[in-house]
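So the structure is just underneath, and the comments pick up after that.
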Amino acid sequence: MRTIILGPPGSGKGTQSRLLERQYGAQHVASGDLLREAVEKETELGRKAKEYMDSGTLVPDDLVLGIVTERLGRVDCTNGFILDGFPRTPAQAQELDSLLAQEGRPLDHALVFEVAEDQIIDRLMGRRTCSNPACGRTYHVKFKPPRVDGVCDSCGSSLVAREDDTPQTIRKRIDVYDEQSGPLVEFYRRAGLVRSIDAGGAPSDVFDRIARVIEADAR
Ligand code: AMP
C-alpha cells in the first residue's frame, strides 16, 4: 500500500494511519511527527521549524522535503507507506510525484478526509498524547480517556496536550488547510487518485469506510 491522507487537523489522519499500518503492514510516516522529533532534539532543522509550528503556519517546503524524502527512503518503507500530513503544498506534491515516478512506486490513492468543523475542534481540544516518545499512544479526554486521569495506560508516563492544540492555533491551522487543500485535491483528482472519506464519527466506523475503498480498488 502506498497512500497519502489529506485532511484538516483533527480529521483523524494519525489515528487511521496507525490502524492502516496494523492492518496492511505499510509504514506510517507523519511529517508532523518527524518535525516534532527534530524540535525535541533541537537539531538545526528543528530550531528553524519551531516558530512556524508554534504559530500554526506551514514549515517552508525546503525544510520539510528533505526530512520526508529521507524517511521514505528507509528500508521499512519498502513494503509501502501511509503518508500523513504530507504533502501540504503543490510543490511538495510535485516533488513527491517525481520521486515516486523515478523509483517506479507510484501512489495507489489519495484519501481525502472530510469532517465537520465542530467535530475537529472537539477532537483537538481533548487530544492527549503519551509524553514518552517510544510509546506515543494517543487519548481523548472524552472519547478515549485513559484508565487513570493524565497517565498512559500502556507505559505509565504522563499525558500531554500538543503545544499547537490551542484554540487560536487550531483556528489558524484549519484556515491554512482550507487555503492549501483545494489545489492539492485538484492535483490528485486529475491523477484519478482521490477517494473521499467521511471521517466523522467513531474511529472504527471511519476505518471500515476506508477499508471498503481500499478493497474495492484492489479488485
Ligand atoms: P501535524 O502534526 O500534521 O498537524 O503538523 C503540525 C505542524 O507541523 C503543522 O501545523 C506545520 O507547522 C508543520 N507541518 C507538518 N507537516 C508539514 C508539511 N507537510 N509542510 C509544512 N509544514 C508541515
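The values are calculated or read from the model by the stated rules, or taken from the named source; none is laboratory data. As the structure is a prediction and not an experimental result, all values here were calculated from the model. Heads up, the Cβs are rebuilt from the backbone with ideal geometry, glycines too, and the neighbour counts pull from every protein chain shown.
Whether a residue is surrounded by fewer than 21 Cβ atoms within 10 Å (Cβ to Cβ), within 10 Å of the ligand (Cβ to nearest atom) and either of a type outside the set (S, T, N, Q) or modelled with pLDDT under 95 (or both) was assessed, and V75 does not pass this test.
For the structure I just gave you, tell me whether D178 is of a type in the set (D, E) and over 18 Å from the mean Cα position of the chain (by Cα). Break it down stepwise before answering.
Working: of a type in the set (D, E): yes; over 18 Å from the mean Cα position of the chain (by Cα): no.
It is false that D178 is of a type in the set (D, E) and over 18 Å from the mean Cα position of the chain (by Cα).
When I170 is tested against (1) closer than 28 Å to T89 by Cα; (2) part of a strand (DSSP E or B), just one condition goes unmet, and that condition is (2).
Can D62 be described as exposed (fewer than 14 other Cβ atoms within 10 Å of the Cβ) and either within 14 Å of the ligand (Cβ to nearest atom) or assigned to a helix (DSSP H, G or I) (or both)?
For D62, the condition - exposed (fewer than 14 other Cβ atoms within 10 Å of the Cβ) and either within 14 Å of the ligand (Cβ to nearest atom) or assigned to a helix (DSSP H, G or I) (or both) - is met.
Looking only at segment 82-109, filter to residues that are outside any helix (DSSP H, G or I), of a type in the set (A, V, I, L, M, F, W, C) and within 14 Å of the ligand (Cβ to nearest atom); which one of those is farthest from the chain's Cα centre (by Cα)? Give the derivation first.
At the first step, the residues of segment 82-109 found to be outside any helix (DSSP H, G or I) are 82-89, 104-109.
Okay, now just the ones that are also of a type in the set (A, V, I, L, M, F, W, C), so 82-83, 86, 107.
Filter once more, so that each one left must be within 14 Å of the ligand (Cβ to nearest atom): 82-83, 86.
Numbers: I82: 9, L83: 7, F86: 7 Å.
Once the filter is applied, the top-ranked residue is I82.
Working only within segment 1-31, note down all residues that are charged (D, E, K, R) and in contact with a strand residue (DSSP E or B) (Cβ under 8 Å, 6 or more places away or on another chain).
Passing the criteria: R2, K13, R18, E21.
Report yes if V75 is without any contact (Cβ under 8 Å) to a residue 60 or more places away in the chain and touching a helix residue (DSSP H, G or I) at 6+ places or on another chain (Cβ under 6 Å), otherwise no. Let's see the steps before the verdict.
On the way: without any contact (Cβ under 8 Å) to a residue 60 or more places away in the chain: yes; touching a helix residue (DSSP H, G or I) at 6+ places or on another chain (Cβ under 6 Å): no.
For V75, the condition - without any contact (Cβ under 8 Å) to a residue 60 or more places away in the chain and touching a helix residue (DSSP H, G or I) at 6+ places or on another chain (Cβ under 6 Å) - is not met.
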